[in-house]
Amino acid sequence: RFSLLLLNLEEYYFEQHTANHIINKGCRDERKFRGSLKICSKSIIFEADDNIQPIIKIPLRDCISIKAPEDNEANNPFTRDTSGGISVVCNQVFLIKERNIIAPYKTVRGRTEHLFQLDVAGKLGDVVQTLHQLYRASCLDKMGDQAAMITAILQSRLARTSFDKNRFQSISETLHMECKAEMVTPLVTNPGHVCVTDANLYFQPLNGYPKPVVQITLQNVRRIYKRRHGLMPLGLEVFCTENDLCSDIYLKFYNYQDRDELYFLIATYIENHITEHTAESYMLQWQRGHISNYQYLLHLNNLADRSCNDLSQYPVFPWIIADYSSSVLDLTKPETFRDLSKPIGALNKERLDRLLTRYQEMPEPKFMYGSHYSSPGYVLFYLVRVAPEYMLCLQNGKFDHADRMFNSLAETWKNCLDGATDFKELIPEFYENDSSFLVNSLKLDLGKRQGGKMVEDVELPPWASGPDDFLQKSQEALESQYVSEHLHEWIDIIFGYKQKGSEAVAAHNVFHPLTYEGGVDLNSIMDPNEKVALLTQILEFGQTPKQLFTVPHPRRIIPKLKSLSRTSSHSVSITESPVSPNEESFEDLTEESITLAWNNIAKLKLDEQYKIHKEAITGIAVTCNGSSVFTTSQDSTLKMFSKESKTIQRSVSFSNM
């Protein structure tokens, strides 16, 4: 039942001890619960083995005293049963997951005493000393001082431990590198040790949670990205899949040298198996129709530092459909779609005029929109039904007000058009196959709306027969001809040349300066309190993706359909290949000609042959006079072969295309 989401933002979980929790010690109604005592950087958490019992969270700043019984008392044979006991007196406690139900935390205010009896009494002194240290940190007035003291405690713990080499998969593995890092998951990070060998990447959490070691076989790695985490170039994300949204591990390092060295080690290893793609190479594939609109947006998000493990930089997808009232969704009508050439904030002219008036009067630094199109709060707004514990973590143990929940698509879209501060785009889940985020299958009590109605499943538009049908139609809309013709305009705004500078102003696409990469240099801020405040503000407010294109994005090449009347009654449409006129492509031939062409191959006889590529050949072109042959291959090269000299004249590597 315990998870890191029970911690506060920016809190660490250090260690756990098996213990008994004794309530009302020495009284008639004394009760004892067995479980696990967890020491965290800002709280003490006790998780009883009995699922019915709530998890108890005691914030350290609310503690009045933390002490072990006096030594002379502990040596007294008559009080032997309290040995290994820690008494915690506090004036506020949170009760979480009572009866194992996910719900807002219950707060118990007023002075209470909790006695925790450790199974290993010998650890008592160390635990009390750690708690006293952390208590002192939590009592510091300024957030920056608190963070600095907790970081010092954490670093000294990491320095005293190292990666356990017994965890290697094989005794013959060679160690290449070991360093300290944190594993990043949404809203929380977990410190520990990273190890790279000639065969595996390992991460060993300091606290052994959720498992003693996370292992990734280097041979399975498909993609690896350097990431910006908390505005610093310290992140690294590793994927063992080609097209998945979620990675296998996301690590954050304490200095960029460690990050770059690890990146180099893994990249060198996988270089032999795989090529790294650039935004330009994906753009070419998308233009020619080799990858779908959905896949292209996914790749762009990935290249722009967007990750499912970082809610302040979650992948961003566009609102596509603008019609949530018709009973039938007509994808042939342009008015069914949202105008992709404008940001959400500029779709409603009246609202935009009001915002521009305010923008003109504003002192520097100016911005048009007071909130962003993607932030942790917005991501969880959409996902609260499947990720309720993330929402409780972000909002200090509470759900949002029932009327502000994601209740209906039509309502949410209307609010994005008319709301004074609502400019949010969508998330990839709207164009995937798992509709669980639209359904309250966990039977969560998300509150009662003004009309007395409970918050249940998301209300869908009339054209959707159910959640799966809604996703199916959203996917069809995303891949429709209209979107294929206009998607490049939205890419210009979010990832491209209209993201910054005068083009952004002209496109009404200006957000708060702090949301842009390079908008603030954290290293130049000396005051730790200012730094913590700024970081918190940025993480909660949301961030603009990294700029991938600085010139207008080309449009997709859409094959034009031409109708050819045949002698038969029905007309057949043949897709024109995107080749220049008067150039015949094999794909343009009719069925009969193709059959004839293949039959003629049998009459050809081999003259001579040359092996110039490592992999299969994907394309051939011959000069008019037949003197040179150009070939492309799956080995990522383009070669020019001379028939006269029977040698390769030129070879170009397209490994990143």
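The values are calculated or read from the model by the stated rules, or taken from the named source; none is laboratory data. Here the structure is a predicted model, which is why all the values come from computation and not from measurement. Neighbour counts are summed over all protein chains in view; Cβ atoms, including those assigned to glycine, are modelled from backbone coordinates with ideal geometry. Side chains are part of the model used for accessible areas, which takes the heavy atoms of the whole protein and leaves out ligands, DNA and RNA. Shrake-Rupley method; radii C 1.70, N 1.55, O 1.52, S 1.80 Å.
List of remarks:
- With eigenvalues of the C-alpha gyration tensor scaled by 5 and rooted, region 468-547, Å: 34, 18, 8
- Å² per residue, accessible surface of the chain at 1.4 Å: 51
- Summarising the label geometry, the points placed 7 Å from Cα in the beta-carbon direction at residue 485 and residue 456 lie 4.1 nm from one another.
- FRET efficiency, 1/(1 + (r/R0)^6) with R0 30 Å, evaluated for residue 396 and residue 36 via beta carbons: 0.80
- Relative contact order of the chain: 10 percent, from C-alpha pairs under 8 Å at least 6 residues apart in sequence.
- Shape of region 437-515, Cα gyration tensor, a/c cut at 1.5: oblate
- Atom-type composition of the exposed protein surface of the chain places 52 percent of the accessible area on carbon and sulfur (1.4 angstrom probe).
- Residue 532 - accessible surface, heavy atoms, 1.4 Å probe, Å² rounded to 10: 40
- The length gained on full extension between residue 415 and residue 653, counted as 0.36 nm times the residue separation minus their Cα-Cα distance, comes to 80.7 nm.
- Under 16 Å from a label point set 7 Å out along the Cα-to-Cβ vector of residue 222, the amide N atoms of region 245-262 belong to 245-249.
- 0 to 90° range, to nearest 10: angle between helix 591-601 axis and the chain longest Cα axis: 80
- Contour minus Cα-Cα distance for residue 348 and residue 277 (0.36 nm per residue): 21.8 nm
- Note on residue 485: accessible area approximately 50 square angstrom, rounded to 10, probe 1.4 Å, nucleic acids and ligands left out.
- With Cα atoms, 0 to 90° folded angle of helix 293-303 axis to the chain main axis: 50
- Qualifying trypsin sites (Lys or Arg not before Pro) in region 396-436, where qualification requires a DSSP coil assignment and no more than 15 other C-beta atoms within 10 Å, comprise 398.
- Stretchable slack from residue 608 to residue 439, in nm (0.36 nm times residue separation minus alpha-carbon distance): 54.4 nm
- Net charge, residue 613 excluded, C-beta distance under 10 Å - Lys, Arg +1, Asp, Glu -1: +1
- Structure note, pairs 226/398; 142/342; 349/531; 57/211: Cα-Cα distances above 32 angstrom occur for 226/398; 142/342; 349/531.
- Per-residue surface analysis assigns residue 162 an accessible area of about 70 Å², computed on protein heavy atoms at 1.4 Å probe radius.
- Distance between the modelled labels on residue 468 and residue 136, one decimal in nanometres: 6.1 nm (7 Å Cα→Cβ projection).
- Region 162-277: Cα Rg divided by the 2.2 N^0.38 Å rule of thumb: 0.99
- Rounded, prolate or oblate (a/c below 1.5 giving rounded, otherwise prolate when a/b exceeds b/c) for region 297-541 by Cα gyration tensor: oblate
- Two-site label geometry, residue 148 and residue 164: point separation in nm, points 7 Å out along Cα→Cβ: 3.5
- Residues 237, 173, ordered by accessible area of protein heavy atoms at a 1.4 angstrom probe radius and largest first, appear as 173, 237.
- C-alpha long axis of helix 143-160 to longest principal axis of the chain, angle in °: 90
- When +1 charges are put on Lys and Arg Cβ atoms and -1 charges on Asp and Glu Cβ atoms, the dipole computed for the chain relative to its Cα centre reaches about 960 debye.
- Largest accessible area first, the residues 480, 645 order themselves as 645, 480 under a 1.4 Å probe with ligands, DNA and RNA left out.
- Cross-link pairs exceeding 28 Å between alpha carbons, from the set 25/97; 97/473; 32/97: 97/473.
- Across all C-alpha atoms in the chain, the radius of gyration and Dmax reach 30.4, 108 Å.
- On the basis of the beta-carbon distance and an R0 of 60 Å, residue 367 and residue 643 show a calculated FRET efficiency of 0.45.
- Heavy-atom SASA rank of 132, 512, 193, 290 (probe 1.4 Å, accessible area, largest first): 290, 132, 512, 193
- Nearest-0.05 FRET efficiency for residue 530 and residue 155, computed from C-beta distance (R0 25 Å): 0.70
- Calculated on C-alpha atoms, the gyration radius of region 244-384 divided by its Kirkwood radius gives an Rg/Rh of 1.05.
- Helices in the chain, meaning DSSP H runs of at least 4 residues, each add -39500 (n - 2.57). Divided by all residues, the mean residue ellipticity at 222 nm is -8000 deg cm²/dmol.
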